[in-house]
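The values are calculated or read from the model by the stated rules, or taken from the named source; none is laboratory data. All figures in this text were calculated on a predicted structure; none of them were measured in a lab. Here the Cβ positions follow ideal geometry from the backbone for every residue, glycine too, while neighbour counts run over all protein chains shown. To get the accessible areas, we keep the full protein, side chains included, count just its heavy atoms, and leave off ligands, DNA and RNA. Shrake-Rupley method; radii C 1.70, N 1.55, O 1.52, S 1.80 Å.
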Amino acid sequence: MNAQPTDASIDTRQRLIEAAILTFAEKGFDGAGIREIALRAKANSALVTYHFSGKEGLYLEALRYIFARKACRVAELATAPALEGPEARKDAIQRLKDHIRAFMQDLMACDPLDPQDPLGEAAMALMAREMQAPRATSSALLMEQIRPHVDHLMQCLQVLRPDLSWGDLLNMGMSIQGQLLYFRNSLGIARLIRSNPNYPEDLEEVIRHFTDFSLRGLGIPEAFPQPRN
């Protein structure tokens, strides 16, 4: 008979995962030690092996926890636009706008200066590390999570710029996502430059800027209709 996990066991497992997120975010996989994580979680280091089969398993579980922790607005978007049809381009423009808004809202779901949510900022930092240098053991999990986002964005771009090669479309997609990621990761210095610790007070204004910037970069003139004289 398999023993059912106790409340204490579940609590210890949770504390180990949260301690792992904080430690992996600070030091990376190689720099983080099992004993250090266990000490942070106020748990016996042997429990890392018991619950997760070792450090690698704990790292993967930390990533799964991050993916499941907050609602993902991008994943909730409607299906990608049809590649053809009289309304295909208009639909693709709207869905691209929706994609940028949802992605920015996901990125801004936690504030780096919020002392009440240190785990949220650590999760962002850990994901940034993982995307810069995906580990072989976690690449499948990472791709499982981001593939729907990539497919949605790429189909929008295919409709809007059918003249571009797949490689050029990928570069366009990376440019769109990259500006949003850079903004989020540089929020601290942006607030210093603006002498405004609360920036951005109006997230919609920032979203409009990046949306317009992306559409102009793609060369989509109908996204900016000229006023009639």
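As for the stretch 221-228, it holds no residue that is more than 15 Å from Gln177 (Cα to Cα), at pLDDT 95 or above and exposed (fewer than 13 other Cβ atoms within 10 Å of the Cβ). Residue check: is Glu84 in the same structural domain as Asn198 (by TED's automatic domain parsing) and not in a loop (DSSP other than H, G, I, E, B)? It is false that Glu84 is in the same structural domain as Asn198 (by TED's automatic domain parsing) and not in a loop (DSSP other than H, G, I, E, B).
Which one of these is in a loop (DSSP other than H, G, I, E, B), farther than 26 Å from Ile146 by Cβ, touching a residue at least 12 places away in the same chain (Cβ under 8 Å) and out of contact with any Pro (no Cβ under 7 Å at 6 or more places or on another chain): Ala38, Ala43?
Details: Ala38 fails: in a loop (DSSP other than H, G, I, E, B).
Criteria check complete, one pass: Ala43.
Arg89 fulfils the conditions (1) more than 30 Å from Pro162 (Cα to Cα); (2) in a helix (DSSP H, G or I) except for a single criterion, (1).
Taking the conditions (1) within 22 Å of Leu63 (Cα to Cα); (2) touching a Pro at 6+ places or on another chain (Cβ under 7 Å) in turn, Val206 satisfies each one other than (1). Checked against (1) under 26 Å from Glu87 (Cβ atoms); (2) open to solvent by 80 Å² or more (accessible area, probe 1.4 Å), Arg161 passes all but a single condition, namely (2). Set side by side, the residues Ile146, Ile193 differ, and just one is open to solvent by 30 Å² or more (accessible area, probe 1.4 Å), free of Cβ contacts under 8 Å to residues at least 24 places away in the same chain and more than 16 Å from the chain's Cα centre (by Cα), which is Ile193.
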